[in-house]
Amino acid sequence: MNTPQDEIVTAVSSDGFIRISAVSTRAIVERARQIHNTSPVVTAALGRTLSAVSMIGYGLKDPKASVTVRINGGGPAGTILAVSDSGGNVRGYAQNPQADVPARPDGKLDVGGVVGTDGMLTVIKDLNLREPYVGSTQLFSGEIAEDFTRYFAESEQTPSAVALGVLIDTDRTVRAAGGYILSLLPGAPEELLDTLEANIASTGPVSEILKEGTAADLIEAVLRGFQPKILERSPIEYRCYCSRNRVLSAMASIDEKELEDKGETVEITCQFCDEVYRVEPSEIEAFRRNTEASEASE
Ligand SMILES: [Zn+2]
């Protein structure tokens with residue numbers, strides 16, 4: 001099986017009314033599956049969320065900006081959290097990675113069932129300004145793509161169409177993953193909507209296209225007849241930003257007494273990549289002294 005590099009592609013229709021981003025995320029979702037040992041249905045739920053957050057993150061302008069998506073629908077998977085940097089590189093986890101629910105009557109993975117609908121989809125954009133932008137919407141189906149469509153309509157007042165898909169192989173590995181987010185710019189004519197709806201329907205499940213095709217093929221299918229012009233193509237990957245320094249910084253901010261209660265060496269596991277950091281209390285002490293010294297000299 002050929003496994004091309006995951007990528008994000010952005011394009012615009014020749015009339016300028018439709019903007020679209022598409023991603024292929026097979027390697028990203030497979031990496032998430034390996035890190036967290038997710039069940040197939042949680043792999044699908046997390047994979048769809050990672051694909052969406054990548055496209056939202058890529059649209060952020062500040063290189064230090066990031067976006068976090070939190071989905072807590074009260075289902076067996078628990079909270080699903082995904083983060084993207086402004087390059088579309090993502091990381092994420094599900095609270096209960098091994099959660100499982102029976103397949104739907106049509107044989108498909110019941111993503112809505114494992115996610116649940118009793119809760120919110122929340123998007124937190126850290127634009128590297130004083131306050132983050134936080135928007136949220138009530139979960140609608142728990143199938144994630146529909147929930148994002150609602151989010152864009154309600155919270156960002158942008159009419160859009162979102163499709164996300166993860167295809168799991170019989171050995172539980174990820175065969176294909178990705179999706180697209182398209183948004184309509186103000187003034188788009190009515191006829192355009194009809195053509196677009198017909199295109200979306202005939203494109204079918206995105207994971208079917210991504211089995212053999214690329215994110216650009218997805219755009220060609222959805223914007224058939226609109227002469228899409230590719231704006232950017234960029235590789236994306238599963239990327240965690242944890243480091244020993246970040247762990248020490250977090251530890252140093254915890255109350256000293258609380259740390260003493262934890263005894264000798266403290267073991268911290270990164271939620272996103274499962275990297276384990278073993279930290280000696282003396283190390284935290286030294287970090288704290290260094291920080292205080294540098295703050296005093298400022
Ligand atoms: Zn990490």
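Please treat every number below as a calculation from the coordinates, not as lab data. Keep in mind it's a predicted model, so treat the numbers as computed, not measured. Here the Cβ positions follow ideal geometry from the backbone for every residue, glycine too, while neighbour counts run over all protein chains shown.
Quick notes on this structure:
- Degrees, to the nearest 10: 40-58 long Cα axis against longest axis of the chain: 90 degrees
- Largest-first ellipsoid semi-axes for the chain, taking √(5λ) over the Cα gyration tensor eigenvalues, angstrom: 37, 23, 18
- For the chain, the longest principal axis of the Cα atoms and the long axis of helix 26-36 meet at an angle of about 40 degrees.
- Within straight-line cross-link reach of LYS229, aspartates and glutamates at Cα separation under 12 Å, skipping those fewer than 8 residues along the same chain: ASP15, GLU220
- A helix-only calculation puts the chain at -11000 deg cm²/dmol for mean residue ellipticity at 222 nm, using -39500 (n - 2.57) for each DSSP H run of at least four residues, averaged over all residues.
- For the chain, the longest principal axis of the Cα atoms and the long axis of helix 190-203 meet at an angle of about 70 degrees.
- Residue with peak Gaussian network fluctuation, the chain [Cα springs, cutoff 10 Å], from ASP106, ASP147, ASP85: ASP106
- Column: log10 I(q)/I(0), Debye, Cα scatterers of region 1-147, q = 0.10, 0.18 Å⁻¹: -0.35, -1.07
- Between GLY87, GLY107, GLY59, the residue with the greatest mean-square fluctuation in the GNM of the chain (Cα pairs under 10 Å linked by springs) is GLY107.
- Relative contact order computed over region 7-235 (Cα-Cα under 8 Å; 6+ residues apart), in percent: 27 percent
- Bridge orientation summary for the chain: considering DSSP beta bridges with both residues in this region, about 100 percent are antiparallel.
- Over region 111-229: Rg over Rh, Cα atoms, Kirkwood Rh: 1.00
- Within the listed set LEU185, LEU81, LEU50, the residue fluctuating most in the Gaussian network model of the chain (springs between alpha-carbon atoms under 10 angstrom) is LEU185.
- Dividing the mean sequence gap of close Cα pairs (under 8 Å, 6+ apart) by how many residues region 120-223 holds gives a relative contact order of 18 percent.
- Exposed loop sites were defined as trypsin sites (Lys or Arg not before Pro) in DSSP loop states (anything but H, G, I, E or B) carrying at most 14 other C-beta atoms within 10 Å; in the chain the longest segment without such a site runs 173-261.
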